[in-house]
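Engineer: The following block contains the structure, expressed as structure tokens.
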Amino acid sequence: MSEYNKPLPQPSKTSRPFWDAAKRHELMLQRCEACAQFIYYPRARCPHCFSDRLVWRKCSGKGTLYSFTVVHRPATRLFADGPYVLAIVELEEGPRMTTNIAAPADQLKVDMPVTVFFDDVTPQCTLVKFKPA
Ligand SMILES: [Zn+2]
């Protein structure tokens with residue numbers, strides 16, 4: 001593993017289960033027990049019905065490519081090893097997740113199926129990314 005110099009997520013009390021699951025190579029999202037919706041990003045209350053009855057559930061890791069762009073000029077030099085694909089993936093469970101797609105942009109098409117993979121960027125941190133299914 002080469003040295004990783006980009007900014008890393010700083011898990012909060014609310015988001016820590018998501019990052020702990022990623023480290024186990026599992027995609028887990030909160031699901032609202034009151035309205036049965038999955039939600040992303042991690043929150044203390046459901047954005048659909050405002051219930052606090054949220055539980056963590058393992059998800060399929062499958063989704064479709066909702067939208068994407070190729071970043072050639074990053075906002076910070078810390079991401080200057082691009083270009084890279086910044087995407088929104090619509091998960092099978094419903095929520096949309098901003099992420100990276102590990103594939104050349106000319107191989108991507110909106111609505112194509114994608115699948116999660118887990119990038120162990122440091123011994124402490126695993127990032128959730130996607131690739132064509
Ligand atoms: Zn709800």
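Engineer: Just to be sure before I move on: is ALA80 loosely packed, with under 13 Cβ neighbours inside 10 Å and more than 16 Å from the ligand (Cβ to nearest atom) in the structure I sent?
Structural biologist: Taking the combined requirement at face value, the residue satisfies it.
Engineer: Within region 6-22, work out how many residues are surrounded by 14 or more Cβ atoms within 10 Å (Cβ to Cβ) and not in a loop (DSSP other than H, G, I, E, B).
Structural biologist: The total comes to 6.
Engineer: Can you tell me which residue within region 46-64, out of those that are closer than 21 Å to ILE88 by Cα and among the polar types (S, T, N, Q), is nearest to the ligand (Cβ to nearest atom)?
Structural biologist: Taking region 46-64 and keeping what is closer than 21 Å to ILE88 by Cα, we get 46-48, 57-64.
After this cut, where a residue has to be among the polar types (S, T, N, Q) as well, the list is 60, 64.
Working: SER60: 20, THR64: 23 Å.
The qualifying residue nearest to the ligand (Cβ to nearest atom) is SER60.
Engineer: Quickly run through region 48-72 and pick out the residues that are at pLDDT 95 or above, over 18 Å from the mean Cα position of the chain (by Cα) and not aliphatic (A, V, I, L, M).
Structural biologist: Correct list: HIS48, CYS49, PHE50, SER51, ASP52, ARG53.
Engineer: Would you point out the residue of region 24-43, among those that are more than 18 Å from the chain's Cα centre (by Cα) and more than 7 Å from the ligand (Cβ to nearest atom), that is surrounded by the most Cβ atoms within 10 Å (Cβ to Cβ)?
Structural biologist: GLU33
Engineer: From the list GLY63, GLY94, which one is more than 22 Å from PRO9 (Cα to Cα), surrounded by 18 or more Cβ atoms within 10 Å (Cβ to Cβ) and out of contact with any Cys (no Cβ under 7 Å at 6 or more places or on another chain)?
Structural biologist: Step by step, each of GLY63, GLY94 is checked, and only GLY63 is more than 22 Å from PRO9 (Cα to Cα), surrounded by 18 or more Cβ atoms within 10 Å (Cβ to Cβ) and out of contact with any Cys (no Cβ under 7 Å at 6 or more places or on another chain).
Engineer: Right, here's the next one. Report, ordered by the first and then the second residue, all pairs with beta carbons closer than 6 Å, sequence separation of six or more or different chains, a first member in region 42-55 that is within 15 Å of SER15 (Cα to Cα), and a second member that is among the basic types (Lys, Arg).
Structural biologist: Between residues of region 42-55 that are within 15 Å of SER15 (Cα to Cα) and residues that are among the basic types (Lys, Arg), the close pairs are ASP52/ARG45; VAL55/ARG31.
Engineer: How many residues are within 17 Å of LYS6 (Cα to Cα) and of a type in the set (Phe, Trp, Tyr) when one looks only at region 75-133?
Structural biologist: The number of residues fulfilling the criteria is 3.
Engineer: For region 99-126, enumerate the residues that are out of contact with any Phe, Trp or Tyr (no Cβ under 9 Å at 6 or more places or on another chain) and of a type in the set (S, T, N, Q).
Structural biologist: GLN107, GLN124
Engineer: (1) over 18 Å from GLY61 (Cβ atoms); (2) surrounded by fewer than 18 Cβ atoms within 10 Å (Cβ to Cβ); (3) modelled with pLDDT of 95 or more: which one isn't true of GLU3, the others all being true?
Structural biologist: Condition (3) is where GLU3 drops out.
The values are calculated or read from the model by the stated rules, or taken from the named source; none is laboratory data. Fair warning: this is a prediction, and the values are worked out from it, not measured in the lab. Note that we place each Cβ from the backbone using ideal geometry, even for glycine, and neighbour counts take in every protein chain shown.
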